[in-house]
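Derivation of every value follows stated rules applied to the coordinates shown; laboratory data play no part. Keep in mind it's a predicted model, so treat the numbers as computed, not measured. Using ideal geometry, Cβ is built from the backbone for each residue, glycine included, and neighbour counts are taken over all protein chains shown.
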Amino acid sequence: MLTTKQIEAAKPRDKEYRLFDGAGTGLHLLVTPAGGRLWRAKYRRPDGRPAQAALGRFPHMTLADARLAVADLRRKLRDGIDPASRPASVATAAEAERFESVARAWHTQNVPAWTPVHSSDVIRSLERMVFPVIGQLHVNQITVPAALALLREVERENGGETARRVRQRCSAVSMHAIASGFGTGDPFAIIKTALAPITRDRQPAATTLAEARAVLAAVEGLPAHPATLAGFRLLALTAVRPDNVNGARWEEFDLTGDNPTWTIPATRMKCKAAAKKIGEPHIVPLSKQAVELLESIKPLTGRSPFVFPNSRHAHEPMSENALSFACKRAGLRGRHVPHGWRATFSSVMNELRPDAGDAIERVLAHAPRDRVRAAYNRAAYLDQRRALLQEWADLLRADAADPVVLMSGPRR
C-alpha cells in the first residue's frame, strides 16, 4: 500500500513511471518527467474493454481522496455503469466547452501565427500542467480559488516564470471561450497579481574554466538518456540557447567538408517568449568535438527528424525541461543552469581573447547595441568564430569522456 510519504518522495525521471496502491484496486500514481504526480485507475468497462480513469493530481487530491474515488468507480461498475460514458445529449452539449477542448481549439487557431517550437511549447505545457487538473471541467466551473491553486502548484514545481506563462495561456483560453459565446469570465486574469513576484537576477552560471569542466562532468556522470547527455554537451560546445538545442533537426546540420556548420533557421531564433517574434538565421561553426558528438548520436536518433527527440515520442523534440532537470539532479541548483553556458563561454573567452569581443558577441547571436555600428559592421566573423569555438571546445573537453562512452552509459 502506498503512503503519503512515498508519494511526496517520488522524484521525476527521464521517463514516466507508476507507483501502485496495492493489488487489485487499479489505483496508481503516474509520475511524469515534468514532476507531475497524477492519480490514475485501471479498470475494465462493462463490455470487457480495458480503460483508465484520470482521477486528479496530487496534492490537490490526497491519497485518501483517491482511494474514495476508486471505491466510487468500483461501485458504478458493479451497478453496470460505465464511468467513461455520459448521455449523448449531455456529452455533445458539454464536450466542446470543457477547458481542454476549448484550449485545443484556441491552440489550433493560433498555430499559423506561431513558430513551430513555440506552438509545441504551448500545447505541451497545458497537457502536462493544466489538463490533468482542470481539463475535464466546463470553463465556467473553474473558480478563482481553483485557478490560483493550480498556478500555485505550477509555481512550486516549475518556478515563477513558468507559472506566469501558463497563466497567460489559460487566460487566453478563457477569453476564447467568452468570445465563442459560452464563457462567462476569466478567473486567470483575476489572479495575475496573486502570484509571487519574480526577481530578475542573472541566471546562475559557471564563470571559470575549472567550474565549467566540473559542471559538464557532474551532468555527464548521471544515469540519463543519451539524448539528454548529448544535448547538454552540444549546448556547452556551441553556447546557443537551450531551445535551439531542444528543437534541433538533422536537416539543419552540414557535417561534410572541412567547415561543418549548424544553420538555425530564423523561425527558431530568439525572441521574447511572449511574442515569439522571428529573428534571423544563425550559423554556428561546429568544432571537431561537436561533429564527433553528432556522429555518435546519429545511430540512435537518426531516424527521428530531431537530433534530440522526446524519450517517449520520437516525432517530438526533447522536453523543454530535460536539461534543467539534469542540472538539478547533478546538484547544480543555484550554481548553473542550461542557459548559463552562454555566460560561461563569454566570461572565459573574453578573458582569454579580449581583442575578439565582436566575434564572441556574434557567437552568441547578439546584434551590436550601437545602431550605427550595427548598420556598418555586418561582418559575420565566421572564420574567427570557428577558431573561437574550436579553442573553447579544446579547453572544455580536455578531460571529458569520449562521445561513444557517453552514448552507452547507464540510463535511469
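Points worth noting:
- Order of T184, T267, T238 under a 10 Å beta carbon neighbour criterion, fewest first: T184, T267, T238
- Computed from backbone phi, the HN-Hα couplings of the range 131-138 come to 4, x, 9, 10, x, 8, 7, 5 Hz, rounded to whole numbers (Karplus: 6.51 cos²θ - 1.76 cosθ + 1.60, θ = phi - 60°; Gly and Pro given as x).
- GNM flexibility winner over the chain from N110, N244, N140 (Cα, springs under 10 Å): N110
- Mean projected area in nm² (Cα convex hull; one quarter of hull surface) for the chain: 23.4 nm²
- Each Cα pair under 8 Å and six or more residues apart adds its separation to the average, and for the range 4-85 the resulting relative contact order is 20 percent.
- Size of the range 94-194 as Cα extents on the principal axes (Å, biggest first): 32, 31, 22
- Nonlocal amide H pairs with E316, under 5 Å, H built at 1.01 Å: N310
- Dividing the mean sequence gap of close Cα pairs (under 8 Å, 6+ apart) by how many residues the chain holds gives a relative contact order of 14 percent.
- Members of K42/K76; K11/K298; K11/K288 lying beyond 25 Å, as alpha-carbon distances in this model show: K11/K298; K11/K288
- The range 19-73 versus the range 216-246: alpha-carbon centroid distance in Å: 34 Å
- Comparing A326, S347, A314 along the charge dipole axis of the range 309-360, the residue lying farthest to the positive side is A326, per the Cβ-charge model.
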